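What follows is a structure written as structure tokens; I'll ask about it next.
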Amino acid sequence: MVHKTIFFLLLFISGIHISAQEFDYQNFGINEGLLTNEIYDIYQDNLGNMWFATDLGICKYDGNNFKEYTTKKGLSHNVVFKIREFEGRLWFNTYKSGLCYLAGDTIIAYKFNKKLVELLGESYIQDFVL
């Protein structure tokens with residue numbers, strides 16, 4: 001017991017600085033290139049790109065720059081709730097059950113979206129099940 005007390009006393013007196021592990025992180029917001037600060041989902045693809053599902057579209061971050069994907073670039077709706085990767089393809093679940101996927105650098109609406117909405121209603125997709 002005396003040895004432990006002396007050890008800790010010497011450690012304290014010697015001024016040795018012991019710290020916990022520190023993590024390197026970066027905050028992103030509108031000023032850094034995001035479309036909005038309202039983020040519904042974040043996904044990292046197999047290439048290391050970060051994808052952000054927002055209320056104004058999708059943002060892709062490659063480690064240096066942001067790229068935006070909106071309805072002007074093929075999304076079925078700008079509000080995107082979920083991002084998942086399946087068999088090498090990124091899929092996006094948008095508002096009112098609009099499914100889209102990334103082909104190359106182009107967003108393509110799933111060709112059966114209208115049929116799915118007819119059969120199941122606008123709010124049928126709650127999440128992806130892989």
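Would you be able to say whether some residue in the stretch 98-111 is over 17 Å from TYR40 (Cβ atoms), touching a strand residue (DSSP E or B) at 6+ places or on another chain (Cβ under 8 Å), open to solvent by 40 Å² or more (accessible area, probe 1.4 Å) and assigned to a loop (DSSP other than H, G, I, E, B)?
Within the stretch 98-111, one or more residues are over 17 Å from TYR40 (Cβ atoms), touching a strand residue (DSSP E or B) at 6+ places or on another chain (Cβ under 8 Å), open to solvent by 40 Å² or more (accessible area, probe 1.4 Å) and assigned to a loop (DSSP other than H, G, I, E, B).
May I ask you to verify whether LEU116 is open to solvent by less than 60 Å² (accessible area, probe 1.4 Å), in contact with a helix residue (DSSP H, G or I) (Cβ under 9 Å, 6 or more places away or on another chain) and at pLDDT 70 or above?
yes
Within the stretch 57-78, track down each residue that is surrounded by fewer than 18 Cβ atoms within 10 Å (Cβ to Cβ), over 14 Å from the mean Cα position of the chain (by Cα) and not polar (S, T, N, Q).
Answer for the stretch 57-78, where residues must be surrounded by fewer than 18 Cβ atoms within 10 Å (Cβ to Cβ), over 14 Å from the mean Cα position of the chain (by Cα) and not polar (S, T, N, Q): LYS72, LYS73, GLY74.
Out of (1) aliphatic (A, V, I, L, M); (2) modelled with pLDDT of 95 or more; (3) open to solvent by 100 Å² or more (accessible area, probe 1.4 Å), what's the single condition that is false for ILE13?
Only one criterion in (1) aliphatic (A, V, I, L, M); (2) modelled with pLDDT of 95 or more; (3) open to solvent by 100 Å² or more (accessible area, probe 1.4 Å) is unmet by ILE13, namely (2).
Here's another thing I want to ask about it. Filter the stretch 21-43 down to residues that are of a type in the set (S, T, N, Q) and either farther than 13 Å from LEU56 by Cβ or modelled with pLDDT under 85 (or both), then give me how many there are.
Here the count works out to 4.
Here's something else I'd like to know. Could you tell me how many of the residues in the stretch 82-122 are under 16 Å from THR54 (Cα atoms) and among the small types (Gly, Ala, Ser)?
Selection size over the stretch 82-122: 2.
Looking only at the stretch 92-111, count every residue that is modelled with pLDDT of 85 or more, over 14 Å from THR71 (Cβ atoms) and not aliphatic (A, V, I, L, M) and tell me the total.
Of the residues in that region, 6 qualify.
Taking the condition of being touching a strand residue (DSSP E or B) at 6+ places or on another chain (Cβ under 9 Å), open to solvent by 20 Å² or more (accessible area, probe 1.4 Å) and part of a loop (DSSP other than H, G, I, E, B), how many residues in the stretch 23-35 meet it?
So the answer is 3.
The values are calculated or read from the model by the stated rules, or taken from the named source; none is laboratory data. Nothing here was measured: the structure is a model prediction, and the numbers come from that model. For neighbour counting, all protein chains shown are included, and Cβ atoms are generated from backbone atoms with ideal geometry for every residue, glycine included. For the accessible areas, the whole protein counts, side chains as well, though only heavy atoms, and no ligand, DNA or RNA atoms are used. Shrake-Rupley method; radii C 1.70, N 1.55, O 1.52, S 1.80 Å.
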